[in-house]
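Computed from the coordinates by the stated procedures, all read-outs in this text should not be read as laboratory data. Treat the numbers as computed from the prediction; the structure is a model and nothing was measured. Backbone-built Cβ (ideal geometry, glycine too); neighbour counts: all protein chains shown.
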Amino acid sequence: MAEPITEAQPLCASGDLLERDKAIVFDVRLWRAPARAFALRFDGKVVAYMNRCAHVPSELDWQEGQFLDMDKRWILCSVHGAAYEPADGQCVGGPCGRGRLMPIATEERGGMVYWYPSRDIQPVVFDDAGPPGDTAAPESTP
């Protein structure tokens, strides 16, 4: 089995994440299974979490990239109504109890946002054949 990836992974340009606006959603592998994560800017800081409610592991966003409530104060689960503090992912209301969102370390430098893999959360890595579902036939030379 290959060693886990630990180096910073480029996510987006810093300017792509506007304050309390739409999040960037990205694919990862959580415990070796395909999963989604998201990053958003809240109070000037980029935060990232797995896109999984702490109550029942379903995706949180009501439309892709839309995680915040109407007042842009809380991250809400569109399925269960659980509310989370964007700064630390802690449940603040609803059926998530004392749970919290699974955080992903981020860094902003040089006008770019990066995320850091962990033992449990790894980037999606494609082999030389390309992404799954890539059915394009290889070009042939006459």
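Some notes on this structure:
- Residue list for region 86-104, restricted to those being closer than 24 Å to P117 by Cβ and surrounded by 13 or more Cβ atoms within 10 Å (Cβ to Cβ): P86, G89, Q90, G99, R100, L101, M102, P103, I104
- Some residue of region 36-46 being loosely packed, with under 14 Cβ neighbours inside 10 Å, basic (K, R) and in contact (Cβ under 8 Å) with a residue 24 or more places away in the chain: yes
- Residues being among the basic types (K, R) and part of a strand (DSSP E or B) are entirely absent from region 67-76.
- Pick from region 47-81, criterion surrounded by fewer than 19 Cβ atoms within 10 Å (Cβ to Cβ) and among the acidic types (D, E), ranking: farthest from the chain's Cα centre (by Cα): D71
- Strands (runs of 3 or more DSSP E) wholly inside region 6-48 that include at least 1 residues being in contact with a helix residue (DSSP H, G or I) (Cβ under 7 Å, 6 or more places away or on another chain): 24-30
- Residues in region 77-87 that are in a loop (DSSP other than H, G, I, E, B) and free of Cβ contacts under 8 Å to residues at least 40 places away in the same chain: C77, S78, V79, H80, G81, A82, E85.
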